[in-house]
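In what follows, a single structure is set out as structure tokens and then discussed.
Only the coordinates and a few stated rules stand behind these numbers; no lab work does. Because the structure is a prediction, the values reported are computed rather than measured. Don't worry about glycine lacking a Cβ; one is built from the backbone with ideal geometry, like all the others, and counts go over all protein chains shown.
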Amino acid sequence: MDILIADDSRTILALTYHVLEQLGHTVQTVRDGDEVITLLWALPPPDLLITDYNMPRMDGLEVLRRIRANDRFKLLRVIVYTTNEYPEFKSEVERLGGVLVKKVISELVAAVNAIAAEISKERG
């Protein structure tokens, strides 16, 4: 899959990039929500967006809201990941068609693999 990752932590960004690249995905990274929006509007959308919840300038929930407001991105798969437990946040992410994942690499990989299987099935 083509994956875009947004995270303001260089360490998490590098780790996530490395793990997903080793799994055979093409990965592009950005450092905040503003960069996600700029990149998505300028290029063909990726298969999957993974965005951190806590980022400066624009958090992952606002990124998801803006994406869903544009018909071009209605079907873009989005994982929002976080280190915190926010029950109200989880329901909002799900309402917007995203998946909330704890910022644990094994949980993230499991979610990515599930989405990759869905995409593979859809593409035949």
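Things to note:
- Residues of segment 1-24 that are hydroxyl-bearing (Ser, Thr, Tyr) and surrounded by 13 or more Cβ atoms within 10 Å (Cβ to Cβ): 9, 16, 17.
- The lone exception for residue 53 - which of (1) in contact (Cβ under 8 Å) with a residue 24 or more places away in the chain; (2) over 11 Å from the mean Cα position of the chain (by Cα); (3) farther than 24 Å from residue 117 by Cα it fails: (2)
- Residues in segment 1-24 that are free of Cβ contacts under 8 Å to residues at least 12 places away in the same chain and touching a strand residue (DSSP E or B) at 6+ places or on another chain (Cβ under 6 Å): 1 in all.
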